[in-house]
1. Any aspartates and glutamates with Cα under 17 Å of the residue B:19 Cα? List them, leaving off those in the same chain fewer than 8 positions away.
2. Could you sort out which of A:107/B:23; A:103/B:63; A:103/B:13; A:103/B:23; B:12/B:63; B:23/B:63 sit more than 28 Å apart by Cα distance in this structure?
3. Please list, in order, the residues from the stretch A:38-80 whose amide nitrogen is less than 12 Å from a point placed 7 Å along the Cα→Cβ vector of residue A:106.
4. Would you kindly compute the Cα radius of gyration of chain B and its largest Cα-Cα separation (Dmax), both in Å?
5. Would you pull out the residues with amide H under 5 Å of residue A:11's amide H, same chain only if 5 or more places away, H placed 1.01 Å from N?
6. Can you pull the accessible area of residue B:34 for me, 1.4 Å probe, Å² to the nearest 10?
7. Given contacts defined as C-alpha pairs under 8 Å and at least six residues apart, what's the relative contact order of chain A, whole-number percent?
8. Give me the distance between the Cα centres of the stretch A:1-58 and the stretch B:79-118, rounded to whole Å.
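The values are calculated or read from the model by the stated rules, or taken from the named source; none is laboratory data. Quick caveat, the model's predicted, so the values are computed rather than measured. Note: ideal-geometry Cβ built from the backbone for every residue, glycine included; neighbour counts use all protein chains shown. Heads up: the accessible areas ignore ligands, DNA and RNA and are worked out on the full protein's heavy atoms, side chains in. Shrake-Rupley method; radii C 1.70, N 1.55, O 1.52, S 1.80 Å.
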Amino acid sequence: EIVMTQSPATLSVSPGERATLSCRASQSVSGNLAWFQLQPGQAPRLLIFGASTRATGIPARFRGSGSGTEFTLTISSLQSEDFAVYYCHQYHNWPRTFGQGTKVEIK
Amino acid sequence: QVQLVQSGAEVKKPGASVKVSCKVSGYRFTELSMHWVRQAPGKGLEWMGGFDPEEDENIYAQKFQGRVTMSEDTSTDTAYMELSSLRSEDTAIYFCARLQFLGWFDPWGQGTLVTVSS
């Protein structure tokens, strides 16, 4: 099983500032990495797939990068609706696994 | 556009079973591969299992082997996840999600809260 480790667990950011979230895989997942946003009471929202491709309708302020074992999600100029929990997810093989999440909160 | 609408919240006693449904609209149900993911209170997302189109069969996370059954009713375009021998640790929000051709999950259902309590 591939273990996904996210850091930090919590990120305190002021609106308008940049947030940088990290995700590390215990072995290479190539580019088979997705990012999801989870708001309370809502369905998880796909932000990024293929490590760096934005999903349909996702604003350009969300940028994914990385390959192999090290990945980053950058949210430039945080908006109020961006404060949420973010999960990375590998779909390189079975079982599918997720990171433990990074909570982005208002500073 | 594919939409997944799940059944309502459930409260179950320890040892009971729960069956959660996920109705699909906007796509040919027979061409979908459905998966299930859960989130326990204060915890992260946990993949439970789903249909593997390469193997043409359901696959389950080892943790749930023998306790979970995933099925579908093509006449109503509905997928089901049944979890048996419930314990308090199974209290969670259960999501259905479509497995995309290249491997990620999208879209997701709105979630079903299952509470296990005596």
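1. B:10, B:72, B:73, B:77, B:82, B:89, B:90
2. Details: A:107/B:23 40 Å; A:103/B:63 26 Å; A:103/B:13 32 Å; A:103/B:23 30 Å; B:12/B:63 20 Å; B:23/B:63 26 Å.
In this structure, A:107/B:23; A:103/B:13; A:103/B:23 exceed 28 Å between Cα atoms.
3. Under cut-off, by backbone N: A:79-80.
4. Cα-based Rg and Dmax for chain B come out at 13.6, 42 Å.
5. Answer set, sorted by chain and number: A:103, A:104, A:105.
6. That residue has around 20 Å² of solvent-accessible surface.
7. Numbers: 278 pairs, mean separation 41.5, N = 107.
RCO, chain A: 39 percent.
8. 20
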